1. Could you list, ordered by first residue, the pairs with Cβ atoms under 8 Å in which the first is in segment 10-22 and closer than 18 Å to T49 by Cα and the second is among the small types (G, A, S), at least 6 apart or interchain?
2. Can you report the number of residues in segment 27-38 which are surrounded by 10 or more Cβ atoms within 10 Å (Cβ to Cβ) and either in contact with a helix residue (DSSP H, G or I) (Cβ under 8 Å, 6 or more places away or on another chain) or part of a helix (DSSP H, G or I) (or both)?
3. Conditions first: (1) surrounded by fewer than 14 Cβ atoms within 10 Å (Cβ to Cβ); (2) outside any helix (DSSP H, G or I); (3) touching a Phe, Trp or Tyr at 6+ places or on another chain (Cβ under 9 Å). L6 passes all but one, so which condition is the exception?
4. Kindly indicate whether any position in segment 61-70 is under 16 Å from the mean Cα position of the chain (by Cα) and surrounded by fewer than 14 Cβ atoms within 10 Å (Cβ to Cβ).
5. Going residue by residue through segment 60-68, is there one that turns out to be without any contact (Cβ under 8 Å) to a residue 60 or more places away in the chain and assigned to a helix (DSSP H, G or I)?
6. Could you grab me the full set of residues in segment 2-52 that are touching a strand residue (DSSP E or B) at 6+ places or on another chain (Cβ under 9 Å) and acidic (D, E)?
7. Return the only residue of S90, S81 being in a loop (DSSP other than H, G, I, E, B), within 20 Å of the chain's Cα centre (by Cα), closer than 17 Å to I4 by Cβ and modelled with pLDDT under 50.
Amino acid sequence: MEPIPLPSHIHYELLLQLLERQTMFALKQKSPQQEQAHQLISTLRKALTQQKQLEESCERARLPIDYRWSLNSASLETLASPMLPLDEESKYLSP
């Protein structure tokens, strides 16, 4: 079975740190924009939690996971599938 492609957790962490440390600081307190940024942070946290639940489900089903760092590099196996190239630095989970 081919590994299941999922974004690396660092993508979530980088977005969350940017939003929490810089975006929230730059916005006026109690403004509609700050509330929107807070909702975005909450949504990203939920997405990361849901991805972790999917990973746990894949592990229980003994499905390998391919953590993707980017969409730019592809292995020879996936050249025929330009939408989901494998990253050369991908990490596989073994059950």
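The values are calculated or read from the model by the stated rules, or taken from the named source; none is laboratory data. All values reported here derive from a predicted model rather than from experimental measurement. Please note: Cβ atoms are built from the backbone with ideal geometry, for glycine as well, and neighbour counts cover all protein chains shown.
1. The qualifying pairs are Y12/A47; L19/A37.
2. Within segment 27-38, the first condition is being surrounded by 10 or more Cβ atoms within 10 Å (Cβ to Cβ), and the residues that meet it are 27, 31, 33-38.
Filter once more, so that each one left must be either in contact with a helix residue (DSSP H, G or I) (Cβ under 8 Å, 6 or more places away or on another chain) or part of a helix (DSSP H, G or I) (or both): 27, 33-38.
Residues flagged as surrounded by 10 or more Cβ atoms within 10 Å (Cβ to Cβ) and either in contact with a helix residue (DSSP H, G or I) (Cβ under 8 Å, 6 or more places away or on another chain) or part of a helix (DSSP H, G or I) (or both) within segment 27-38 amount to 7.
3. Status for L6: all satisfied but (1).
4. yes
5. Initially, segment 60-68 is screened for residues without any contact (Cβ under 8 Å) to a residue 60 or more places away in the chain, giving 60-62.
Going one step further and asking which of them are assigned to a helix (DSSP H, G or I), we end up with 60.
Yes, that holds for at least one residue.
6. The one that is touching a strand residue (DSSP E or B) at 6+ places or on another chain (Cβ under 9 Å) and acidic (D, E): E2.
7. Values: S81 fails: within 20 Å of the chain's Cα centre (by Cα).
None of the others qualify; the one that does is S90.
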